[in-house]
1. For the stretch 94-107, give me each residue that is in contact with a helix residue (DSSP H, G or I) (Cβ under 9 Å, 6 or more places away or on another chain), of a type outside the set (Asp, Glu) and crowded, with 17+ Cβ neighbours inside 10 Å.
2. When you look at Lys62, is it without any contact (Cβ under 8 Å) to a residue 60 or more places away in the chain, over 13 Å from Asp5 (Cα atoms) and open to solvent by 20 Å² or more (accessible area, probe 1.4 Å), yes or no?
3. Give the stretch 15-53 a look and list any residue that's touching a residue at least 40 places away in the same chain (Cβ under 8 Å) and surrounded by 17 or more Cβ atoms within 10 Å (Cβ to Cβ), or say none.
4. What number goes with the only condition from (1) over 19 Å from Ser86 (Cα atoms); (2) modelled with pLDDT of 95 or more; (3) among the β-branched types (Val, Ile, Thr) that Val50 does not pass?
5. Is it fair to say Val81 is modelled with pLDDT of 95 or more, within 16 Å of the chain's Cα centre (by Cα) and open to solvent by less than 40 Å² (accessible area, probe 1.4 Å)?
6. Is there any pair linking a residue in the stretch 104-120 that is at positive phi and touching a residue at least 24 places away in the same chain (Cβ under 8 Å) to one that is part of a strand (DSSP E or B) and surrounded by fewer than 17 Cβ atoms within 10 Å (Cβ to Cβ), with Cβ under 7 Å and at least six apart or on different chains, and which?
7. Which numbered condition in (1) part of a helix (DSSP H, G or I); (2) open to solvent by 50 Å² or more (accessible area, probe 1.4 Å); (3) under 27 Å from Ile21 (Cβ atoms) is the only one that Leu119 fails?
Amino acid sequence: VIVADDEQYNITLFRNYLSKIEAEVVSAAGGDEAFEKWLASQTGSRIDVVISDIDMPKCDGKALCKRVRDYEARMRINKCVIMMISGNDNESVIKDLLNKEGEYRADLFLKKPISYEDLLFYFAKNFA
């Protein structure tokens, strides 16, 4: 699992949550760093879940999502799971992010603050 967020508090929170289910966590302070780490994992122990904040400076979560999906399509590899997180729950932004035919094609949106129970429910539902 890679967690991309410009707030260290959120990275620490996800690391604590995910350690309870024994998930290995790689952190990134922004979209560019997250993409580079995700890309590097494609030749080794593949990162199969990306959790990203939407609003980050430089390369935001939407740009990260688009770069990952474009690479997957270009290389014809299996899609990873992309979970977008934000304190902003603008309905049109969320709809755009989750549109399977759209530009970003994220799998899930969770509104901050995110509880351990919400995250556990998602992982149990999708990875059990």
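1. Residues of the stretch 94-107 in contact with a helix residue (DSSP H, G or I) (Cβ under 9 Å, 6 or more places away or on another chain): 96-97, 102-107.
Of the ones still in play, those that are also of a type outside the set (Asp, Glu) are 97, 102, 104-106.
Hits for the stretch 94-107 are Leu97, Tyr104, Arg105, Ala106.
2. Working: without any contact (Cβ under 8 Å) to a residue 60 or more places away in the chain: yes; over 13 Å from Asp5 (Cα atoms): no; open to solvent by 20 Å² or more (accessible area, probe 1.4 Å): yes.
When the stated conditions are applied, Lys62 does not pass them.
3. Result: Tyr17, Leu18, Trp38, Ile47, Val49, Val50, Ile51, Ser52, Asp53.
4. Here Val50 meets the rest and fails (1).
5. On the way: modelled with pLDDT of 95 or more: no; within 16 Å of the chain's Cα centre (by Cα): yes; open to solvent by less than 40 Å² (accessible area, probe 1.4 Å): yes.
Taking the combined requirement at face value, the residue does not satisfy it.
6. none
7. (2)
The values are calculated or read from the model by the stated rules, or taken from the named source; none is laboratory data. Bear in mind the structure is a predicted one, so any value in this text is a computation, not a measurement. Every residue, glycine among them, receives a Cβ derived from its backbone with ideal geometry; neighbour counts consider all protein chains shown. Just so you know, the surface numbers come from the protein's heavy atoms only, side chains and all, with ligands and any DNA or RNA stripped out. Shrake-Rupley method; radii C 1.70, N 1.55, O 1.52, S 1.80 Å.
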